[in-house]
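The values are calculated or read from the model by the stated rules, or taken from the named source; none is laboratory data. What you are looking at is a predicted structure, and each value in this text was computed from that prediction instead of being measured. Heads up, the Cβs are rebuilt from the backbone with ideal geometry, glycines too, and the neighbour counts pull from every protein chain shown. Surface areas here come from the heavy atoms of the whole protein model, side chains and all, with no ligands, DNA or RNA. Shrake-Rupley method; radii C 1.70, N 1.55, O 1.52, S 1.80 Å.
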Amino acid sequence: SMKKYKTLKEFYPYYLSEHEHKTTKLFHFIGTGFSLFFLVQFFLTFNPFNILYALLSGYGFAWVSHFFVEHNKPATWTYPVFSLMSDYIMFWEILRGKHKIL
């Protein structure tokens, strides 16, 4: 059975271990980038479809990479809040060059 994580600090190393392939990180980076774009659009327009687009793009890219690249279950299903926070942490770490995606 899976370990129970109580803090983001405990969870994040597990999250990274579930994202070992560069392709998975690339898909997450693209999806998170689109989700940020649509969240900004939401706050500029207050069009609720932008929230839907943010969710679809963020989770869509991520889940495709888990099913077809990593062949594992997305952490979102067990730890939705820690997983979402970790997506954004990894996004910024990729921007800073800490993780390679190409």
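Pairs meeting the criteria (first residue in the stretch 14-28 and of a type outside the set (Phe, Trp, Tyr), second residue outside any loop (DSSP other than H, G, I, E, B) and open to solvent by 60 Å² or more (accessible area, probe 1.4 Å), beta carbons under 7 Å, at least 6 apart or on different chains) are 28/61. In the stretch 24-49, the qualifying residues are those that are within 13 Å of the chain's Cα centre (by Cα) and of a type in the set (Ser, Thr, Tyr), and the one that is nearest to residue 83 (Cα to Cα) is 32.
Scanning the stretch 1-56 for residues that are of a type in the set (Asp, Glu) and open to solvent by 60 Å² or more (accessible area, probe 1.4 Å) yields 10, 20. Considering (1) free of Cβ contacts under 8 Å to residues at least 60 places away in the same chain; (2) surrounded by fewer than 19 Cβ atoms within 10 Å (Cβ to Cβ); (3) at negative phi, the lone condition that residue 89 does not fulfil carries the number (1).
Would you point out the residue of the stretch 62-78, among those that are at pLDDT 95 or above and open to solvent by less than 70 Å² (accessible area, probe 1.4 Å), that is nearest to residue 20 (Cα to Cα)?
70
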